[in-house]
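**Student:** This is the structure, below, for whatever I ask next.
Quick note: the coordinates plus some simple rules give every number you see, no bench work behind them. This structure is a prediction, so every number in the text was calculated from the model and none was measured. Cβ: placed from backbone, ideal geometry, glycine included. Neighbour counts: every protein chain shown.
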Amino acid sequence: MDHHPKANFFPLCDVHQSPMRRVMLEGAEAEDAQSFHQCERRDCSRIFRDGHGYSDYVDGEFDESRQAFRICTACGATLYLAEVDHGLKIETWECAESGCNYSEDTPPPSSR
């Protein structure tokens, strides 16, 4: 399946559950331009890339040694952490694929 990410989605950091901002990288050619979401905390190197899930971005390089991802059971695309309900101890994960409205609620890792 040819995946196309949603134009506007707002993942949370899977470590800190804090907002992430979109970052654009530009290479020598336009085709090399990449974007990803990066945790807004200064001390966090966590990123989310559609198709790759969560990993780290350190010293200008993608470090996938702590990669974590969830796959959408409806379309096979990547899920991102969309919401956390601390009172109910539930994480909501949504599909990043344009046109797919799949989501799932799971307990956070700390309560498993």
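**Student:** With a point put 7 Å past each Cα toward its Cβ, work out how far Ala74 is from Phe62 in nm, to one decimal.
**Tutor:** Taking the two extended label points, one gets 2.5 nm.
**Student:** Just want the answer: with Cβ charges of +1 for Lys and Arg and -1 for Asp and Glu, which residue in Leu81, Gly60, Ile71 is farthest toward the dipole's positive end in the range 20-111?
**Tutor:** Ranked along the dipole, the leading option is Leu81.
**Student:** Pop the C-beta distance of His52 and His86 into the FRET formula with R0 = 35 Å and round what comes out to the nearest 0.05.
**Tutor:** Values: r = 27 Å, r/R0 = 0.78.
It comes to 0.80.
**Student:** Rounded to whole Hz and in sequence order, give me ³J(HN,Hα) for the range 95-104 from the Karplus expression 6.51 cos²θ - 1.76 cosθ + 1.60, θ = phi - 60°, writing x for Gly and Pro.
**Tutor:** Couplings: 7, 7, 6, 4, x, 9, 10, 5, 8, 9 Hz.
**Student:** So what J values fall out for the range 54-66 if you push phi through Karplus, 6.51 cos²θ - 1.76 cosθ + 1.60 with θ = phi - 60°, rounded to Hz, Gly and Pro as x?
**Tutor:** 8, 7, 10, 10, 10, 6, x, 10, 7, 10, 9, 5, 10
**Student:** In addition: Which order do the peptides 17-24, 90-97, 60-67 come out in when sorted by mean C-beta neighbours inside 10 angstrom, highest first? Mind dumping the intermediate values first?
**Tutor:** Details: 17-24: 13.4, 90-97: 20.6, 60-67: 11.0.
For the peptides 17-24, 90-97, 60-67, the packing ranking is 90-97, 17-24, 60-67.
**Student:** What residues qualify as long-range amide H neighbours of Cys13, i.e. H under 5 Å apart, gap of 5 or more or another chain, H built at 1.01 Å from N?
**Tutor:** Ser18, Met20
**Student:** Would you mind ranking Phe69, Phe48 by Cβ crowding within 10 Å, fewest neighbours first? Write down the numbers at each step before the final one.
**Tutor:** Details: Phe69 16, Phe48 25.
The most exposed by this proxy come first: Phe69, Phe48.
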